[in-house]
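Undergrad: To start, I am sharing the structure in question, which I have written as structure tokens.
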Amino acid sequence: MEAIELTLTAESPLAIGRQKPGGSISEAQDFIPGSVIRGALADLLLRQSRHRPGEALTGDLAALFTEARAAVFTHAYPGSGSRVLPATAFSSKNNPGFRSEAGKTGVFDTLLDRFCSQRLGIPFDPAEPDGSGGRVEPFGGFYSQEEGSRYRRVAVSKRLLTRVGINRRRATAADQILYSLEVINEGRAGRDGSLQPSLFSGHIYLQDRELAAALAGYLNTHARRLSLGGGVSRGLGRVSLAARHLRAPKPSLAERVTAFNQKLRQRWQQWQVFGDPWQPLPPERQYFSIGLQSGAILKERWQRTTVLTPPMLQEEANCEDGSLVLELACSSYAYVSGWNAAWGLFKDVELVTTQGSVFLLSTTQLERWIPILAEMEYWGIGERTAEGFGQIEVCSLFHHHFWENPL
């Protein structure tokens, strides 16, 4: 597996729109979707190769965009090396944030506690970690880990650009036509007061080493010729791009799964004070979590769904396992659409399981699943994975931080 690490720097406001609301404001995404990067690169390559519309893609273009195992363009999230907070992450309702921020009580994960409380049949209602009894609520968004165990939340700043409609007959401002675009700012004030550019990081995963090296060189050569999102003709969407070809790191999945199971069984022993102390977890069953690092388009028997069920996972992995069980699901949904520049048409509206959703599963055949899950961390699950949908993280270390040791 080959990887190209992308670093995008905004040089003008980015109008990366999502599903249009009912009003006159176009909302902006908090990140750059993989479909936007993929579409912009495809448009640039097709124009420079003088490809005729309607002709089938061949060679490297086919390997990048149309083959069964085409390149995967992940979403580009703000900052460097940012991750998606799981849906099981909680923080104070009145003063949310990581402990690295002054006055914050911290962020903790509830996945394993939810599993234990559900298995014992008792309610689980956490409060603030400082012992004040204050309420907590889900804490979403993006985070990054700095030196040591210092965590911080990563976000983008936005603003509204208000525009007036133009009367096409007179080429003047039209009466009573006013609209606003929400855009991602090209920079934000740093801690020292200086202007920090808006950075985004993502990856391209593909199999051909020579193609990966050639694509990285091409991106670095034509970095400033890439425009993303809407309003390009009005000066929006300009980005500079830096690409670095590297060998995709081998995931330490076996170690993560082992550590996850150790943490789960230790937590179960602590929860035994509320139940039968002689009720151990089945020793033959091993557990693993799947967290969505991007929205996933899931379908079961041709029907849309928001829960990753064992039959779906077995079909996705082409692996039969009658012992696979879904223990817990923490998920939500949203709708996404888009514009296909090649077709000149809107994309279908898709039901998407939102990023951050977490599924806890167990099996007695974990050894078979480890190499399969390691591949899935690159290729994703569900539909339209080449556009960045369905990226996953298995047994995230974030689940090791409980209420008594918040981040």
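Undergrad: Might you check whether a residue that is of a type in the set (D, E, K, R), in a strand (DSSP E or B) and under 22 Å from the mean Cα position of the chain (by Cα) occurs anywhere in the range 240-252?
TA: Within the range 240-252, one or more residues are of a type in the set (D, E, K, R), in a strand (DSSP E or B) and under 22 Å from the mean Cα position of the chain (by Cα).
Undergrad: Tell me, which residue of the range 230-248 that is under 30 Å from R163 (Cβ atoms) and in contact with a helix residue (DSSP H, G or I) (Cβ under 6 Å, 6 or more places away or on another chain) is surrounded by the fewest Cβ atoms within 10 Å (Cβ to Cβ)?
TA: So the residue we want is S240.
Undergrad: Those residues that are within 22 Å of E320 (Cβ to Cβ), assigned to a helix (DSSP H, G or I) and under 21 Å from the mean Cα position of the chain (by Cα), I need them from the range 352-384; list them, please.
TA: Matches in the range 352-384: I372, L373, A374, E375, M376, E377, W379.
Undergrad: So is P96 farther than 21 Å from G202 by Cα, surrounded by fewer than 19 Cβ atoms within 10 Å (Cβ to Cβ) and touching a residue at least 24 places away in the same chain (Cβ under 8 Å) or not?
TA: So P96 does not fit the description; no.
Undergrad: Go through the range 1-16 and give me each residue that's surrounded by 20 or more Cβ atoms within 10 Å (Cβ to Cβ) and part of a strand (DSSP E or B).
TA: If the condition is that a residue be surrounded by 20 or more Cβ atoms within 10 Å (Cβ to Cβ) and part of a strand (DSSP E or B), then E2, A3, I4, L6, L8, A10, L14, A15 are the ones that fit.
Undergrad: Continuing with the same structure: Is it the case that some residue within the range 311-327 is of a type in the set (S, T, Y) and within 23 Å of the chain's Cα centre (by Cα)?
TA: Checked against the condition, which is being of a type in the set (S, T, Y) and within 23 Å of the chain's Cα centre (by Cα), the range 311-327 yields no hits at all.
Undergrad: Is there a residue being of a type outside the set (A, V, I, L, M), more than 27 Å from L85 (Cα to Cα), surrounded by 14 or more Cβ atoms within 10 Å (Cβ to Cβ) and in contact with a helix residue (DSSP H, G or I) (Cβ under 7 Å, 6 or more places away or on another chain) anywhere in the range 285-307?
TA: no
Undergrad: Go through L219, L178 for me and flag whichever is out of contact with any helix residue (DSSP H, G or I) (no Cβ under 7 Å at 6 or more places or on another chain) and assigned to a strand (DSSP E or B).
TA: After ruling out the rest, the residue left standing is L178.
Rule-based calculations on the coordinates, nothing more; no lab input. Source: prediction; values computed, not measured. Backbone-built Cβ (ideal geometry, glycine too); neighbour counts: all protein chains shown.
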